[in-house]
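As structure tokens, the structure follows; a few thoughts come after it.
The values are calculated or read from the model by the stated rules, or taken from the named source; none is laboratory data. Please read all numbers here as calculations on a predicted model, not as lab measurements. Cβ placement follows ideal geometry from the backbone for every residue including glycine, while neighbour counts extend to all protein chains displayed.
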There are 2 protein chains.
Amino acid sequence: MTRPWQVATIAGVGLIGGSFALALRKAGFAGRIIGVSSPRTVKAALERGAIDEALPLEEAAAQSDVVFLAQPIETILETLRVLDQHVRPGTLITDAGSTKAMIVARAAETIRTGRFVGGHPMAGKEARGVEAADADLFRGRPWVLTAPEPELEAWIAKIGARLVILPAAEHDRLVGMVSHLPQLLSTALASTFALEPHVARIAGPAAMDLTRLALSPFDIWKDIFATNTAEIDAALASFIARLTEIRANLTNNPAMAQEFDKAAGAARALRKLS
Amino acid sequence: MTRPWQVATIAGVGLIGGSFALALRKAGFAGRIIGVSSPRTVKAALERGAIDEALPLEEAAAQSDVVFLAQPIETILETLRVLDQHVRPGTLITDAGSTKAMIVARAAETIRTGRFVGGHPMAGKEARGVEAADADLFRGRPWVLTAPEPELEAWIAKIGARLVILPAAEHDRLVGMVSHLPQLLSTALASTFALEPHVARIAGPAAMDLTRLALSPFDIWKDIFATNTAEIDAALASFIARLTEIRANLTNNPAMAQEFDKAAGAARALRKLS
């Protein structure tokens, strides 16, 4: 048995960590929220009202019921090396990393005193940092957990996110297709355009739709490529195979009609369910 | 010398043809607009106020200063076989086909009495038919001409479109990259998703952006694939090569950082210029 959350630590009070803090408050969390971040971020988070105080990780973890790791993936992996020695027995440790298998594996090696459940709140926006934090960022968006965890699930529901429970490996395979592959298609398309000076004169909504993701900076993707390499490789391989087949069938009307029908059905299904 | 347009024929009074008629009117065209279309479309176009009267092609062409072919590409190619014998000397014939090289080549073979300039107004919307026609459809959008034509250029400016003069082959190469390739990427991505029941549970804005085009029905693409096969094939080949390179470089941070920088630069340039 664990007591209901009274003290929460948020490590990495950027857009996601800051938004989670604001969302908890808005949903009625009456306990204390401790921020662990760089001095600059901590100052901004205190000014934004996202956290009640700032402490070093060891001190924060020692008094918390839950520790939420909202740092870059590589930093989460590093934090997991040192965190367990500082927490009280039964402390829930969860995270917001965009890939799950390596994080869950690391936690399985290192977390003994606390309990770990991997998480991935699938929300974001272009602006970054706690200045852009928003209590409603997660509303209507999926929040993946790698295993059930009743109190965390209750807060996810209260902040308006949509709970999805997926094993870490299945999560990584799916986001490889649904998020990492689209990013790489957009980047590849935009860099194809980079060589063509006249493209901008005739680009329309199609080109705009497909190159919006290409505006993302590499630094948020580096850790994702490093920690989901095999699944992204498989998604790219399967996409390249499909595109090669389409290329071969370009003037085969029955085959292309079938491909378009299947694709339109999937695109419609996506819009109904999400 | 040709007289200023007093009578215009629009062959194919759907979304594009109907919008061009309404745009001409709004821009001050005081002459007569004759529609050539199926009985059902002609009735809707008359009700919509897009055309003044409907006539068979031969009769309409015989009294027109300009004939605007806004039919499907294959129908434009057929119309160009028979049109010239009906027009008066010097009549301007232009079109709205999404590919240009085959149409311009056909016109070069068949148009002797009239004069042909290929056109591609790069505008559209999801709804189709003259019921969805809109006098402002072309506002701010590129309108490609395959050669200069002063009076047509003046009307393109008056209806608010942005004139782009491109030789037919260069047009087809560019739209192969900027429009036809994005469509096929979107279709291929959505049909990849079709096999994965859980994708819809975690799909976010990235998946939505990249599968919107996949909602397009095949019937508007069939003629494009048939008449721009070589350029689309080349665009696919070059995109597949780039994606294969990205796949090989996935964990090569300097190479990927460079790829992302180049892509982001191109995506930003697209947004500044269009």
Margin query: For the list (1) at pLDDT 95 or above; (2) outside any loop (DSSP other than H, G, I, E, B); (3) over 22 Å from A:Asn228 (Cα atoms), I need the number of the one condition that B:Leu243 fails.
Written below: (3)
Next item on the list: Please work out if B:Ala230 is surrounded by fewer than 15 Cβ atoms within 10 Å (Cβ to Cβ), within 8 Å of another protein chain (Cβ to nearest Cβ) and out of contact with any Leu (no Cβ under 9 Å at 6 or more places or on another chain).
Entry: no
Next item on the list: State which residue is surrounded by the most Cβ atoms within 10 Å (Cβ to Cβ) when the search covers only region B:97-151 and only residues that are within 14 Å of another protein chain (Cβ to nearest Cβ) and charged (D, E, K, R).
Entry: B:Lys100
Notebook entry, point to check: Among the residues of region A:224-233, which ones are free of Cβ contacts under 8 Å to residues at least 60 places away in the same chain and touching a Gly at 6+ places or on another chain (Cβ under 8 Å)?
Noted result: A:Glu231, A:Ile232
Notebook entry, point to check: Which one of the conditions (1) at pLDDT 95 or above; (2) closer than 27 Å to B:Thr192 by Cβ; (3) among the aliphatic types (A, V, I, L, M) does A:Ala123 fail to meet, given that it meets all the rest?
Noted result: (1)
Checklist line | Residue match in region B:9-18 (condition: surrounded by fewer than 19 Cβ atoms within 10 Å (Cβ to Cβ), within 22 Å of the chain's Cα centre (by Cα) and either more than 22 Å from B:Leu137 (Cα to Cα) or modelled with pLDDT of 95 or more (or both)) | finding: no
Check: On the given criteria, is B:Glu196 out of contact with any His (no Cβ under 7 Å at 6 or more places or on another chain), buried (at least 16 other Cβ atoms within 10 Å of the Cβ) and not β-branched (Val, Ile, Thr)?
Finding: no
Notebook entry, point to check: Could you say which residue among B:Ile232, B:Ile220, B:Ile224 is at pLDDT below 95, closer than 30 Å to B:Leu152 by Cα and of a type in the set (A, V, I, L, M)?
Noted result: B:Ile220
Margin query: Which count do you get for residues in region A:238-260 that are closer than 27 Å to A:Glu170 by Cα and more than 7 Å from chain B (Cβ to nearest Cβ)?
Written below: 2
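When region B:152-174 is examined, which residues are found to be within 7 Å of chain A (Cβ to nearest Cβ) and either within 30 Å of A:Ala269 (Cα to Cα) or small (Gly, Ala, Ser) (or both)? If you could, list the steps in order and put the result at the bottom.
From region B:152-174, those within 7 Å of chain A (Cβ to nearest Cβ) are B:164, B:174; that's our starting set.
Residues satisfying the conditions do not exist here.
Hey, among B:Ala235, B:Ala269, which residue is buried (at least 19 other Cβ atoms within 10 Å of the Cβ), in a helix (DSSP H, G or I) and in contact with a helix residue (DSSP H, G or I) (Cβ under 7 Å, 6 or more places away or on another chain)?
Values: B:Ala269 fails: buried (at least 19 other Cβ atoms within 10 Å of the Cβ).
After applying the criteria, what remains is B:Ala235.
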Note to self: Need pairs with beta-carbon distance below 7 Å; first residue at the interface with chain A (Cβ under 7 Å from one of its Cβ atoms) and farther than 30 Å from B:Thr75 by Cα and within region B:194-223, second of a type in the set (Val, Ile, Thr) and crowded, with 17+ Cβ neighbours inside 10 Å; sequence gap 6+ or separate chains.
What the structure shows: B:Val199/A:Val178; B:Arg201/A:Val164; B:Ile202/A:Val144; B:Ile202/A:Val164; B:Ile202/A:Val175; B:Ile202/A:Val178; B:Ala203/A:Val178; B:Ala207/A:Val178
Next item on the list: Only one of these is over 21 Å from B:Glu153 (Cβ atoms) and at pLDDT below 95: B:Arg81, B:Arg3, B:Arg48, B:Arg40. Name it.
Entry: B:Arg48
Item checked: Filtered residues of region B:179-188 (kept if of a type outside the set (Ser, Thr, Tyr) and either touching a Phe, Trp or Tyr at 6+ places or on another chain (Cβ under 7 Å) or more than 7 Å from chain A (Cβ to nearest Cβ) (or both)) -> B:His180, B:Leu181, B:Gln183, B:Ala188
